[in-house]
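Below is one structure; the comments refer to it alone.
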Amino acid sequence: MDHLYQQFDLIEEITRNDGSQYYEISNIDQNGFAELAANNGLIKSVRILVINIPRTKALETYEQYINKAYQLHTLMNEEDWENPQWVEWDKPKGPVRDAYEMVLKANKIG
């Protein structure tokens, strides 16, 4: 299936199997994969903290980076969810990390 650009509209809290946590800016499709990952023991849990986050320049910067850097799966493609994988997205220092932190701060997370 072709890689489709995905817009992000929520923030979730991911708990790794070691108990440590991190925040991710995502969408309902990617949250569905996080739920599958939790069900398959790839992560401990996921929970949505904020939905319908505002579309800001910072959000668009982070979203563009993730869409370019990763092959995002979709629940519309059965092959994607039959054998889910879990990839923790990098947040490299610089504009991407700054944008990520700005979105969290604007939504009172962290």
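General observations
- Qualifying residue in the range 62-78 (condition: open to solvent by less than 100 Å² (accessible area, probe 1.4 Å), touching a strand residue (DSSP E or B) at 6+ places or on another chain (Cβ under 7 Å) and either at pLDDT below 95 or closer than 19 Å to residue 9 by Cα (or both)): yes
- With a requirement of 2 or more residues that are in contact with a helix residue (DSSP H, G or I) (Cβ under 9 Å, 6 or more places away or on another chain) and β-branched (Val, Ile, Thr), the strands (runs of 3 or more DSSP E) lying completely within the chain that satisfy it span 10-15, 45-51.
The values are calculated or read from the model by the stated rules, or taken from the named source; none is laboratory data. Keep in mind the model is a prediction, meaning the values are calculated, not measured. Note: ideal-geometry Cβ built from the backbone for every residue, glycine included; neighbour counts use all protein chains shown. Areas reflect the complete protein model, heavy atoms only, side chains present, ligands, DNA and RNA absent. Shrake-Rupley method; radii C 1.70, N 1.55, O 1.52, S 1.80 Å.
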